[in-house]
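Quick notes on the structure that follows.
The values are calculated or read from the model by the stated rules, or taken from the named source; none is laboratory data. Nothing here was measured: the structure is a model prediction, and the numbers come from that model. Please note: Cβ atoms are built from the backbone with ideal geometry, for glycine as well, and neighbour counts cover all protein chains shown. Heads up: the accessible areas ignore ligands, DNA and RNA and are worked out on the full protein's heavy atoms, side chains in. Shrake-Rupley method; radii C 1.70, N 1.55, O 1.52, S 1.80 Å.
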Amino acid sequence: MKDLTVISREILETSLRALIILVLTGLLWWGIGRLVHVPLPKVDPERARRIEAALSLIRSLLRAVLLAVALLTLLSLLGLNLAPILTGAGIAGIIIGLGAQSLIRDLIAGLIIVLEDPFGIGETVRVAGVAGTVERITMRATYLRDADGTLHVIPNSMLGVVSNLSRDWAQVGVELPLPRDFRLEHLELLMQSAAEALAQDPEVAEALLQPPAFAGIEGISETAITVRIEARARPRARWTVARRMRYHLVQALQTLHSQQVE
């Protein structure tokens, strides 16, 4: 039998080691919170919320790993055989991993969306064969409202190619049929008149980034010549700008025709 002094020494050494492990675990727990809890950039509140959610998820994962390692170290220190525990945990991990593959892919895709910011709340996008306005983004899925009012819930891992219709600028194109006897040298006057009207139009004056310009002839038929007019506008106003462009082009064409008749 071991001497009481030896037993006491072993207990003291084990207690000290356990205390050191607990102190280190506490310091690392605090350190993870300090290192991962970074100041958020000055972005819109919704994206800031998503960044905070992603950071919270990372903190939780790191702390879960830390607790698992600390617990296993303490059990090993107490002399317990960890082989059955590790074997059972490995089997359980494989089962859970196989069943949660889709969830893990969604979470990783959601984290990438938060970091890269390919689209945001209120923007119009085209993803997974659906076009609409983004109403909500979570780490699991993206909520999209289409033109009919239908709400589509798309898992983040199934978004695929994202076409953002609300970033920076949009090219607006309008096709205008002109009579075959229309003189193309008058097209400059027509464009100038329409551009001036658009610049003074309260509906689109602020949304217009570049005035309309002649892009080329799109088609020729027996009765008409179709020309294409293009302008650059703010993305969310592209459809309004297109409608007002057609209106002012027709107005300018009618005015020009009236002047020629007179």
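Computing FRET efficiency as 1/(1 + (r/R0)^6) for residue 116 and residue 136, where r is the C-beta to C-beta distance and R0 is 22 Å, gives about 0.75.
Close amide H contacts of residue 166 (hydrogens built in the peptide plane, cut-off under 5 Å, sequence separation of 5 or more or a different chain): 124. Around the amide H of residue 201, modelled in the peptide plane, lies no amide H under 5 Å away from a residue 5 or more places distant or on another chain. Extension gain for residue 213-residue 128 works out to 27.2 nm (0.36 nm per residue, less the C-alpha to C-alpha distance).
The figure for residue 257 is an accessible area of roughly 110 square angstrom, using a 1.4 Å probe on the protein chains alone. For residue 225, the residues 5 or more places off, or on other chains, whose built amide H falls under 5 Å of its own are 178, 180.
Taken one residue at a time, the phi angles of the stretch 209-217 give Karplus couplings (6.51, -1.76, 1.60, θ = phi - 60°) of 9, 9, x, x, 9, 6, 9, x, 8 Hz. Gly and Pro are set to x.
Projected label points at residue 19 and residue 55, each 7 Å from Cα along the beta carbon direction, are separated by 3.5 nanometres. Note that the stretch 166-238 presents 61 Å² accessible area per residue, ligands and nucleic acids not counted, probe 1.4 Å. Projecting the Cα atoms of 210, 194, 237 onto the charge dipole of the stretch 173-262 (Cβ charges, centred on the Cα centre) puts 237 farthest toward the positive pole. Maximal additional length on extending the residue 75-residue 63 stretch stands at 2.5 nm, based on 0.36 nm per residue less the C-alpha distance. Heavy-atom accessible area with a 1.4 Å probe sorts 191, 158, largest first, into 158, 191. Rounded to the nearest Hz, the phi-derived 3J(HN,Hα) couplings of the stretch 147-161 under the Karplus curve 6.51 cos²θ - 1.76 cosθ + 1.60 (θ = phi - 60°) are 5, 7, x, 6, 8, 9, 9, 10, x, 4, 6, 10, 5, x, 6, where x marks glycine and proline.
Accessible surface of the stretch 105-262, 1.4 Å probe: 51 percent of it comes from carbon and sulfur atoms. Relative to one another, the C-alpha centroids of the stretch 202-240 and the stretch 154-195 are positioned 5 Å apart. Computed on protein heavy atoms with a 1.4 Å probe, the accessible areas place 201, 168, 146 in the order 168, 146, 201, largest first.
Taking 7 Å steps out from each Cα toward its Cβ at residue 221 and residue 251 produces label points 2.6 nm apart. Rounded to 0.05, the FRET efficiency of the residue 165 and residue 108 pair, given R0 = 25 Å and the Cβ-Cβ distance, is 0.45.
Taking 0.36 nm per intervening residue step and subtracting the Cα-Cα distance, what contour gain separates residue 258 from residue 145 on full extension?
My answer for the length gained is 36.1 nm.
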